[in-house]
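The values are calculated or read from the model by the stated rules, or taken from the named source; none is laboratory data. Everything numeric here is computed off the predicted structure, so don't read it as measured data. Ideal geometry is used to build each Cβ from the backbone, glycine not excepted, and the neighbour counts take in all protein chains shown.
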Amino acid sequence: MSGRLAGKKALITGGAQGLGLAFGKRFIEEGAQVVLTDIQGGKVKEAADEIGAAAGLQHDVTSPEDWASVGARANATMNGISILIHNAGIGSFGDIETETLEAYRKVMAVDTDSVFIGTQACMPFLKETQPASIVVISSVAGIKAQSSFLAYNTAKAAVAMMSKSIAVHCAKRKYDINCNSVHPVFTKTPIIEPMVGMKATREEGEAALSKYIPMKRLGEPEEVASMVTYLASDEARFVTGSAFTIDGGMTAQ
Ligand SMILES: NC(=O)c1ccc[n+]([C@@H]2O[C@H](COP(=O)([O-])OP(=O)(O)OC[C@H]3O[C@@H](n4cnc5c(N)ncnc54)[C@H](O)[C@@H]3O)[C@@H](O)[C@H]2O)c1
């Protein structure tokens, strides 16, 4: 299929690598204009040039000032914003006894506060460009707890509920803007490298993570891109306030 996002104008955070970059590539293949943003300014500019995005912008998603300028620039560059993908995210290893307040606050700022600040900043553009879609990249960690993911569990559960609140608000106001969360399991991007690296070889590292997944393999970024493309397209206009797992069966058990 192609052209499923024809005429769409997408702002994707965390687009320098990993999932955000995979979404950008797929969206362009499906006919959208794309602006990638990332805290790694040089890298996101290169990534944007490589995939033919309209721009690659330096952007700290925890900063309201950055959101104000990036939102306005993306809107001016694409003549609107009709897809907003909250993808930038970080993790932290720590349980209730070992996690530091500093690390906890950082994870909450990047993974959760950013969705509040960024959606609020972009609402005028989304309303102007509707039909529009907001997709929040949460995690299976927003559904299932692991003792050493205290901050990440908390942040990813919070954004799933925030997505529902945004969805219901838009529906009540009769905005044609849907909002959904996506919950991937371990997927092959740089974020899992510290966990893969805990074993002697890459094969053993990936096998150790896969053992928690009924399908016994890791996710591919392109698989998550397929789900996000659907949610960002007009095929999903009646789909809002929902949480979509893509996890090889992990949350089914
Ligand atoms: N890969 C997985 O296994 C997996 C599973 C579930 C959920 N997720 C989520 O998917 C999203 C994308 O992660 P990924 O796997 O591509 O990881 P990644 O580390 O490759 O990419 C995350 C990107 O976010 C950027 N970023 C970090 N802090 C930022 C900030 N303050 N402002 C702007 N950009 C910032 C990074 O520079 C990086 O390019 C994250 O929200 C992550 O929590 C990933």
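May I ask you to list the residues in region 151-165 that are out of contact with any Phe, Trp or Tyr (no Cβ under 7 Å at 6 or more places or on another chain), more than 12 Å from the ligand (Cβ to nearest atom) and not basic (K, R)?
Passing the criteria: T154, A157, A158, M161, S163, S165.
For region 2-16, which positions are more than 16 Å from the ligand (Cβ to nearest atom) and at negative phi?
S2, R4, L5, A6, K8, K9
When you go through (1) away from the ligand (no atom under 12 Å from the Cβ); (2) under 17 Å from I83 (Cα atoms); (3) in a helix (DSSP H, G or I) one by one for L19, which number turns out not to apply?
Just one mismatch for L19, condition (1).
Let me spell it out: the conditions are (1) surrounded by 13 or more Cβ atoms within 10 Å (Cβ to Cβ); (2) more than 16 Å from the ligand (Cβ to nearest atom); (3) not charged (D, E, K, R), and A200 meets all of them except one. Which number is the exception?
A200 satisfies all of (1) surrounded by 13 or more Cβ atoms within 10 Å (Cβ to Cβ); (2) more than 16 Å from the ligand (Cβ to nearest atom); (3) not charged (D, E, K, R) except (1).
May I ask you to list the residues in region 81-133 that are buried (at least 19 other Cβ atoms within 10 Å of the Cβ) and touching an Asp or Glu at 6+ places or on another chain (Cβ under 8 Å)?
A88, G89, S92, A132 - these are the residues of region 81-133 that are buried (at least 19 other Cβ atoms within 10 Å of the Cβ) and touching an Asp or Glu at 6+ places or on another chain (Cβ under 8 Å).
Give T240, T251, T245 a once-over and let me know the one that is in contact with a strand residue (DSSP E or B) (Cβ under 8 Å, 6 or more places away or on another chain), part of a loop (DSSP other than H, G, I, E, B) and among the polar types (S, T, N, Q).
T240
Note down all Cβ pairs under 8 Å where the first residue falls in region 51-65 and is over 16 Å from N75 (Cα atoms), the second is of a type in the set (S, T, Y) and modelled with pLDDT of 95 or more, and they're at least six residues apart or on different chains.
Taking only residues 6 or more apart or on different chains, the pairs are V61/T13; V61/T37; V61/S114; T62/S114.
Step by step: first the residues of region 145-162, then only those that are touching a residue at least 24 places away in the same chain (Cβ under 8 Å) and not in a helix (DSSP H, G or I), then the one that is nearest to F116 (Cα to Cα). Which residue is that?
If we take residues in region 145-162 being touching a residue at least 24 places away in the same chain (Cβ under 8 Å) and not in a helix (DSSP H, G or I), then F149 is nearest to F116 (Cα to Cα).
Is there a residue in region 168-187 that is touching a strand residue (DSSP E or B) at 6+ places or on another chain (Cβ under 7 Å), assigned to a helix (DSSP H, G or I) and more than 18 Å from T13 (Cα to Cα)?
The answer is yes; a qualifying residue exists.
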